[in-house]
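Novice: Next up is a structure, given as structure tokens.
The values are calculated or read from the model by the stated rules, or taken from the named source; none is laboratory data. This one's a predicted model, so the numbers in the text were calculated from it and none came from an experiment. Glycine also receives a Cβ, built like all others from the backbone with ideal geometry; neighbour counts cover every protein chain displayed. The area values use the complete protein model at the heavy-atom level, side chains included, leaving out ligands, DNA and RNA. Shrake-Rupley method; radii C 1.70, N 1.55, O 1.52, S 1.80 Å.
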Amino acid sequence: MSHSLLFLGTSAGVPTRRRNVSATALVGQNAKAWTLFDCGEGTQHRVLASRLSIYHLERVFITHLHGDHFYGLFGLLASRAMSGAVTPLHLFGPKGSKEAVSTLLRLSHSRLPYALKIEEIGPGFEANWPDFRIRALSMAHTVPTLGFVIDFPARPGRLDVQKAKALGIEPGPVYGRLKRAERVRLSDGRVIDGKSLLGPPLPGKRLAIGGDNQNPMLFAPYAPFDVMVHEATYLGGAKERMLAKTYGHSTAKELGQSAKAMGVKRLILTHISARYDSVEGT
Ligand SMILES: [Zn+2]
């Protein structure tokens, strides 16, 4: 099963007219259930504008408790209740998440019709699900912050087309079934086991999702990565580098250099300062 990422918010600190604050969805291709990484204020509005439904939200990971990553959670939890969802929601966040969420729910007399399981996690946390394995590591920011390494399961090997042709199997929809390792009965009565025509399993892909972080090389022990999603609050000038150090953030320039050193195949920048929207005069 392949997954996709949906960027519900890519702005740092404050929303802009075009971009909301931090929220990234990880969506399985064949399943409605999805996972959310960070939940800045107004994230539920961005979900409404997407193909996703909070009804099917299954897990939420919060990298740290700064407002632009966290303040949207309370409204989202309440709206999920209003949507009639009864399936459990599993929330993972740093120390303090339990107190913050339970206090808000108590003071607002909210009653959730679904089970909300809150788990406070730190570096070293690991969970294994059929769709992926996730591990948490510590980031370098102004408050305790987590980043995540996500491993997807190995994929079936490639179909050996030459071998299939040599067996006299004509190309067509049957190739798709063989590729899925199905047992197929051909028109001449022969039964072919797709597995016998597949090469060795392909390794699963590895994804990195960073929280706010001024040192991308903290991901190095887990390198290389197929995809890395990482904040780049600032571009890369001298003044911006100073701002990045002061506020515990990365510049696009330093991030690019680190990603190259770590063998990142595809780097996706997010948490980009609102200042760059006005550069384009919008
Ligand atoms: Zn932050």
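Novice: Expressed in whole Å with the largest first, what are the equivalent ellipsoid semi-axes of the chain derived from the C-alpha gyration tensor as the square root of 5 times each eigenvalue?
Specialist: Semi-axes from the Cα gyration tensor: 39, 25, 17 Å.
Novice: I want the antiparallel fraction of DSSP beta bridges within the chain, as a percent rounded to 5.
Specialist: For the chain, the DSSP antiparallel bridge percentage is about 55.
Novice: Just to check I understand the Karplus step: with θ = phi - 60° and J = 6.51 cos²θ - 1.76 cosθ + 1.60, what whole-Hz values come out for the stretch 42-58, glycine and proline as x?
Specialist: Those phi angles translate into x, 4, 5, 5, 5, 5, 4, 8, 10, 7, 8, 10, 5, 4, 9, 5, 10 Hz.
Novice: Let me ask something else about it. Between Ala115 and Ser4, take the C-beta separation as r, use R0 = 30 Å, and let me know the FRET efficiency to the nearest 0.05.
Specialist: For Ala115 and Ser4, the calculated efficiency is 0.65.
Novice: Pick from Gly157, Gly248, Gly236: which is most flexible by mean-square fluctuation in a GNM of the chain where alpha carbon atoms under 10 Å apart are linked?
Specialist: Gly157
Novice: Then there's this: I want to check the label-to-label distance for Thr142 and Arg183. Put each point 7 Å from Cα in the C-beta direction and report it in nm to one decimal.
Specialist: So the two model labels end up 6.3 nm from each other.
Novice: With the contact rule set at Cα under 8 Å and sequence spacing of 6 or more, what percent relative contact order holds for the chain?
Specialist: About 14 percent, as a whole number.
Novice: Further question on the same structure: Rounded to the nearest 500, what is the chain's calculated 222 nm mean residue ellipticity when only DSSP H runs of at least 4 contribute -39500 (n - 2.57) each, over all residues?
Specialist: Taking each H run of at least 4 residues, the total per residue is -6500 deg cm²/dmol.
Novice: Here is a further query. Rounded to the nearest 0.05, what FRET efficiency is calculated for Gln257 and Lys195 with R0 set to 41 Å and r the Cβ-Cβ distance?
Specialist: Calculated transfer efficiency: 0.40.
Novice: Please report, in whole Å³, the volume per residue of the convex hull around the C-alpha atoms of the stretch 146-282.
Specialist: Each residue corresponds to 156 Å³ of Cα convex hull volume.
Novice: State, in angstrom, two size descriptors of the stretch 1-45 derived from its alpha carbons: Rg to one decimal place and Dmax to the nearest whole number.
Specialist: Cα radius of gyration and Dmax of the stretch 1-45 are 11.5, 35 Å respectively.
Novice: How large a share of the accessible area of the chain, in percent, is made up of carbon and sulfur atoms when the probe is 1.4 Å and the other protein chains stay in place?
Specialist: 55
Novice: Taking the radius of gyration and the Kirkwood hydrodynamic radius from Cα positions alone, what is the Rg/Rh ratio for the stretch 107-152, to two decimal places?
Specialist: On the Cα set of the stretch 107-152, Rg over Rh gives 1.12.
Novice: Please give the contour-minus-distance gain from Ala238 to Ser79: 0.36 nm per residue of separation, less the Cα-Cα distance, rounded to one decimal in nm.
Specialist: Taking Ala238 through Ser79 to full extension adds about 52.9 nm, to one decimal.
Novice: Would you mind checking which residues have amide H under 5 Å from Thr270's amide H? H placed 1.01 Å from N; only 5 or more apart, or other chain.
Specialist: Placed amide hydrogens put His230, Glu231, Ala232 under 5 Å from Thr270.
Novice: Ranked highest first by average number of other Cβ atoms within 10 Å, how do 119-126, 205-212, 149-156, 264-271 line up?
Specialist: Packing proxy ranking, top to bottom: 205-212, 264-271, 149-156, 119-126.
Novice: Roughly how many debye, to the nearest 20, is the charge dipole of the chain about its Cα centre, given +1 on each Lys and Arg Cβ, -1 on each Asp and Glu Cβ, and no other charges?
Specialist: So the magnitude is around 680 debye.
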